[in-house]
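K.L.:
Structure below; questions to follow.
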Amino acid sequence: MRKPIIAGNWKMFKTRDEALQFVYSVNMKVPPKEYVDSVVCAQAPILRDIVKRQGDNLRVGAQNMHYLDTGAYTGEVSAALLENIGVAYVIIGHSERRAYYNETDEAVNKKIHQAFRYGITPILCVGESLDTREAGETDAFVKAQVVADLKGLGSEQVKELVIAYEPIWAIGTGKTATPELANDAIKGIRSVVRELFDDETADTIRIQYGGSVKPANVDELLAQSDIDGALVGGASLDAESFLYLVNAAVKK
């Protein structure tokens, strides 16, 4: 059985003080890590402060990183730095990075390889736009992303990877894919992994759903056969909401 993972993506929200208050609020209430992986992904300047105060059952992720060790890349963050300060996860290829910063599948693939070099678990984001879905091209589009993004990885790495299926049209819009639609898309991703690697890898990899996940819909989403957790935006900013989500994953 795959252990569920709930990852909060705080995006460009929370000051240092707000982030620490959140961590203090959830540390003693987060379920044991044996049952669910509970992760918060914060802005780079406050990562170390959160890591130093995370409890036994909470882990910290970054929202982005560069694929090179060092260099003249103003404003970027290296995997070496993230590893050095104890960051456990990194979101790679979020649709906002792809759309606003022209992040390509080639760059995403390089970042995934770099994350593994430093022992950081990548959360790979894939997903289609509304135009793509309405054109009936969701499966082909997402498959192309997965194939390109996982290029050159070994099966053991892919087993450790987390994929987040995030239909772009459902991110921050209040729209949510129906549980059945989300599950079908995730089954499709798992089938692609099966084609690329093998049955064991496909059955082991954890695939989350992301896109306006909140306490009101998380139970129904997590009840689906292939949804192994959620990558959560706005609903992860509130401590009580986040706790509801991770506890819902324990019931899965």
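The values are calculated or read from the model by the stated rules, or taken from the named source; none is laboratory data. Given the structure is predicted, the values throughout are model-derived calculations rather than measurements. Quick reminder, even Gly has a Cβ in these numbers, built from the backbone with ideal geometry, and neighbours come from all protein chains shown. Just the protein is used for accessible areas: all its heavy atoms, side chains included, with ligands, DNA and RNA removed. Shrake-Rupley method; radii C 1.70, N 1.55, O 1.52, S 1.80 Å.
K.L.:
Of S212, T104, W169, which is farthest along the charge dipole of the range 90-235 in the positive direction, counting Lys and Arg as +1 and Asp and Glu as -1 at C-beta?
P.N.:
Among S212, T104, W169, the one farthest towards the positive end of the dipole of the range 90-235 is T104.
K.L.:
On the accessible surface of the range 14-84, probed at 1.4 Å, how many percent belong to carbon and sulfur atoms?
P.N.:
Of all accessible area on the range 14-84, carbon and sulfur atoms account for 47 percent.
K.L.:
I'd like to compare 46-53, 96-103: which one has the highest average count of other Cβ atoms within 10 Å, and what's the full order after that?
P.N.:
Descending packing order for the listed peptides: 46-53, 96-103.
K.L.:
How much accessible area per residue does the chain have, counting only protein heavy atoms and a probe of 1.4 Å, in square angstrom?
P.N.:
I get 45 Å² per residue for the chain.
K.L.:
Is the shape of the chain best called rounded, prolate or oblate, per the rule: a/c under 1.5 gives rounded, else a/b larger than b/c gives prolate, else oblate, with a ≥ b ≥ c the square roots of the Cα gyration tensor eigenvalues?
P.N.:
Here the chain falls in the rounded category.
K.L.:
Just the number, please: carbon plus sulfur as a percent of the accessible area of the range 88-238, 1.4 Å probe, no ligands or DNA/RNA counted.
P.N.:
For the range 88-238, the apolar C and S fraction of the accessible surface comes to 49 percent.
K.L.:
Right, something else. With +1 assigned to the C-beta of every Lys and Arg and -1 to the C-beta of every Asp and Glu, and no other charges, what is the dipole magnitude of the chain about the Cα centre in debye, to the nearest 20?
P.N.:
700 debye
K.L.:
Under unit Cβ charges (Lys, Arg +1; Asp, Glu -1), what dipole magnitude, rounded to 20 debye, does the range 139-202 have relative to its Cα centre?
P.N.:
220 debye
K.L.:
Rounded to the nearest 20 debye, what is the charge dipole size of the range 125-243 about its Cα centre when +1 sits on each Lys and Arg Cβ and -1 on each Asp and Glu Cβ?
P.N.:
The calculation lands at about 200 debye.
K.L.:
Please report the relative contact order for the chain, taking Cα pairs under 8 Å with a sequence separation of at least 6, and give it as a percent rounded to a whole number.
P.N.:
Here the relative contact order equals 22 percent.
K.L.:
Can you give me the long-range amide H partners of V232? Hydrogens built in the peptide plane at 1.01 Å from N, cutoff under 5 Å, separation of 5 or more residues or another chain.
P.N.:
A7, G8, N9
K.L.:
Applying the Karplus parametrisation 6.51 cos²θ - 1.76 cosθ + 1.60 with θ = phi - 60° to the phi angles of the range 193-203, what ³J(HN,Hα) value in whole Hz is obtained for each residue in order, glycine and proline being reported as x?
P.N.:
For the range 193-203, the Karplus curve yields 4, 4, 5, 6, 10, 6, 4, 4, 5, 5, 7 Hz.
K.L.:
Which of the peptides 111-124, 68-81 is most tightly packed, and how do the rest follow, going by the mean number of other Cβ atoms within 10 Å of each residue?
P.N.:
The densest-packed peptide leads the list: 111-124, 68-81.
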